[in-house]
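Colleague: First, the structure itself, so that you have it in front of you.
The values are calculated or read from the model by the stated rules, or taken from the named source; none is laboratory data. Source: prediction; values computed, not measured. As a convention, Cβ positions derive from the backbone with ideal geometry for all residues, glycine included, and neighbour counts pool all protein chains shown. Heavy atoms of the whole protein, side chains included, go into the accessibility calculation; ligands, DNA and RNA do not. Shrake-Rupley method; radii C 1.70, N 1.55, O 1.52, S 1.80 Å.
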Amino acid sequence: NTASIAMENGYRLQQGTYKRESGLSFTLVDNVAVAAEITTFDATLIAAVQINYTITRGTAVRTGVYTIVRGTDASGTNLQGSDTGVENTSPGVTFSETETASTVSWKYVTTSTGSNVTLTYSITYLG
């Protein structure tokens, strides 16, 4: 085996089976009561992801890691997600995950403050 490091159009860094997607930015809309999708991954190709993120809403800041492990079947049986992080005050955002037809979705809901939320994140995975 030859060790290699590759860049995919500046979008993804790959070192062997380790892959990191470049930092992305997403607006989380204020007062979303039904979970809305941020991003997805194909569970037939990727078993688990770690999402490093920072969210800001006014002066509220949270940074952390959201980990998702695909389910044991295409409908998401035993799908797991875990959020760890720190914040200066709650920005009013809750993350969740779903799996349908082997597509895993990372989702969010937000409280009503009159302000949208800025999410910046980067996804890493092996495979």
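Colleague: Report those strands (runs of 3 or more DSSP E) wholly inside region 12-127 carrying at least 2 residues which are touching a Gly at 6+ places or on another chain (Cβ under 9 Å) and among the acidic types (Asp, Glu).
Modeller: Here the list reads 80-87, 93-100.
Colleague: Do you know which residues across region 78-106 are acidic (Asp, Glu) and over 11 Å from the mean Cα position of the chain (by Cα)?
Modeller: GLU87, GLU99
Colleague: Given the residues ASP73, ASP30, which is the only one that is charged (D, E, K, R), farther than 25 Å from TYR11 by Cβ and free of Cβ contacts under 8 Å to residues at least 60 places away in the same chain?
Modeller: Being charged (D, E, K, R), farther than 25 Å from TYR11 by Cβ and free of Cβ contacts under 8 Å to residues at least 60 places away in the same chain holds for just one of ASP73, ASP30, which is ASP73.
Colleague: While we're on this one: For region 107-122: of the residues being within 15 Å of THR54 (Cβ to Cβ) and under 13 Å from the mean Cα position of the chain (by Cα), which is surrounded by the most Cβ atoms within 10 Å (Cβ to Cβ)?
Modeller: Only one residue tops the list, namely LEU119.
Colleague: Being open to solvent by less than 40 Å² (accessible area, probe 1.4 Å) and not acidic (Asp, Glu) is the filter here, so list the residues in region 23-34 that pass it.
Modeller: Matches in region 23-34: LEU28, VAL32.
Colleague: Tell me, which residue of region 68-102 that is polar (S, T, N, Q) and in contact with a strand residue (DSSP E or B) (Cβ under 6 Å, 6 or more places away or on another chain) is surrounded by the most Cβ atoms within 10 Å (Cβ to Cβ)?
Modeller: Among residues in region 68-102 that are polar (S, T, N, Q) and in contact with a strand residue (DSSP E or B) (Cβ under 6 Å, 6 or more places away or on another chain), the one surrounded by the most Cβ atoms within 10 Å (Cβ to Cβ) is THR98.
Colleague: Quick one: how many residues across region 48-66 are within 13 Å of the chain's Cα centre (by Cα), over 11 Å from VAL104 (Cβ atoms) and either touching a residue at least 24 places away in the same chain (Cβ under 8 Å) or surrounded by fewer than 15 Cβ atoms within 10 Å (Cβ to Cβ) (or both)?
Modeller: Residues in region 48-66 being within 13 Å of the chain's Cα centre (by Cα), over 11 Å from VAL104 (Cβ atoms) and either touching a residue at least 24 places away in the same chain (Cβ under 8 Å) or surrounded by fewer than 15 Cβ atoms within 10 Å (Cβ to Cβ) (or both): 9 in total.
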